[in-house]
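First the structure, in the form of C-alpha cells, and then the observations on it.
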Amino acid sequence: MYDRDATAYAASRGQKLRAAGAAAIAGLQLDGVGVLVDVACGTGTGLAELRRIAPSARVLGLDLSARMLRLVDASQPVLQADAAALPLVDGGADALVCCFALMHMVSPAEAVAEFARVLRPGGAIAITTWGPDVAWPAHAAVLQILDDLGAPKVASSHHGAPITESPENVASLLRGAGFESVTVERRPFDDTCGDAEAALYEWGSLGSTATRLSLLEPLARQEFFARARVVMAGFDPAGFADPSDVIYAWGVRS
C-alpha cells in the first residue's frame with residue numbers, strides 16, 4: 001500500500017504527521033548519542049528533525065517501502081528493511097524512533113523486541129501510534145458514497161491496532177521488551193487541514209479508501225468525487241480535520 005501511496009503521502013499525510021513526529025523526538029534524551037535510527041521513516045520527514053537536534057550523530061532511516069525511500073532527500077542515508085528484522089548489530093544504536101508504524105505490523109511485540117535488540121543498554125526509544133477510531137462524520141459520509149456505488153470492502157492495514165491503540169497496551173509492549181522508565185501520553189492529533197478539497201485528495205489517494213475507489217469503474221469514480229463534493233459542502237471546515245488521538249511513548253533500554 002505504501003509503495004502505491006508514496007507520492008500522495010509525501011504531499012499530504014506525511015506533512016501533517018511531521019509535528020507529531022517532532023514532538024516524539026523532542027521527548028528523547030539525545031545528549032552525546034552517536035547513532036540514531038528512524039524505523040519506518042517513510043519519506044524522511046523525521047530524519048531532518050533528528051539531524052537538527054543531534055547534529056553530530058549518525059542518523060539512519062529504515063523503511064520497508066522502496067518507493068517511500070526514493071522520495072527521501074538524497075543527503076539522508078536510508079536502507080530498505082523490515083522493522084521485525086533490522087539490519088543492525090545488537091546494541092548498535094543509541095536511540096530509535098518509530099512513528100505511526102506499529103499499528104501496521106502483524107506482530108507489534110516482535111517489532112518492539114527487535115527495537116530493544118538493536119539499542120544499547122541505556123538507549124532511548126520514542127514511539128507514536130494512533131489511538132482508537134473515533135466518530136468522524138465527514139469521512140463516514142464519504143465512505144457511505146463508496147458503499148452506495150458498490151465499492152468492495154477491503155481489509156484494514158492496521159493489523160496491530162488492537163494492541164497499539166491504548167496507552168496501557170503500548171506501555172505493556174515496551175516493558176515486555178525490556179524497556180524501563182516508560183512514559184506514555186495521549187494527545188489530540190493536530191490536524192490543520194480544514195479544507196474539503198485537501199481532505200478529499202487525501203481520502204481518495206491514501207489507504208483503504210483509495211483502494212476501494214480504485215476498484216470502481218472510471219465513471220463510478222467520477223460520480224464518487226462529484227457526490228462527495230456535494231456532501232462535503234454541508235460540513236463545517238472543522239469537520240475535515242482528523243479527530244483522532246495520538247499515543248506517544250518513551251522508554252530506556254534496560
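Nothing in this text is a laboratory measurement; each read-out follows from the coordinates by a stated rule. Please read these numbers as outputs of a predicted model, since none were measured by experiment. So basically every Cβ, Gly included, is an ideal-geometry build from the backbone, and we count neighbours across all protein chains shown.
Residues that are of a type in the set (A, V, I, L, M) and within 28 Å of Ala93 (Cβ to Cβ): does the stretch 139-160 have at least one?
no
Counting only residues that are in contact with an Asp or Glu (Cβ under 9 Å, 6 or more places away or on another chain) and buried (at least 17 other Cβ atoms within 10 Å of the Cβ), which one in the stretch 175-190 is farthest from Leu17 (Cα to Cα)?
Ala177
Considering only residues that are in contact (Cβ under 8 Å) with a residue 24 or more places away in the chain, among the hydrophobic types (A, V, I, L, M, F, W, C) and surrounded by fewer than 18 Cβ atoms within 10 Å (Cβ to Cβ), which ones fall in the stretch 211-231?
Matches in the stretch 211-231: Leu215, Leu216, Ala220, Phe225, Val231.
I need every pair where a residue in the stretch 165-185 that is free of Cβ contacts under 8 Å to residues at least 24 places away in the same chain has its Cβ under 9 Å from the Cβ of a residue that is in a helix (DSSP H, G or I), sequence separation at least 6 or different chains.
Qualifying pairs under 9 Å: Asn169/Pro108; Asn169/Pro162; Asn169/Ile163; Ser172/Ile163.
So, of the residues in the stretch 191-205 that are in a helix (DSSP H, G or I) and among the hydroxyl-bearing types (Ser, Thr, Tyr), which turns out to be surrounded by the most Cβ atoms within 10 Å (Cβ to Cβ)?
Ser205
Could you check the stretch 206-217 and list, in sequence order, the residues that are in a helix (DSSP H, G or I) and closer than 15 Å to Phe240 by Cβ?
Thr209
If a residue must be in contact (Cβ under 8 Å) with a residue 60 or more places away in the chain and among the polar types (S, T, N, Q), how many such residues does the stretch 49-70 contain?
Total satisfying the criteria: 1.
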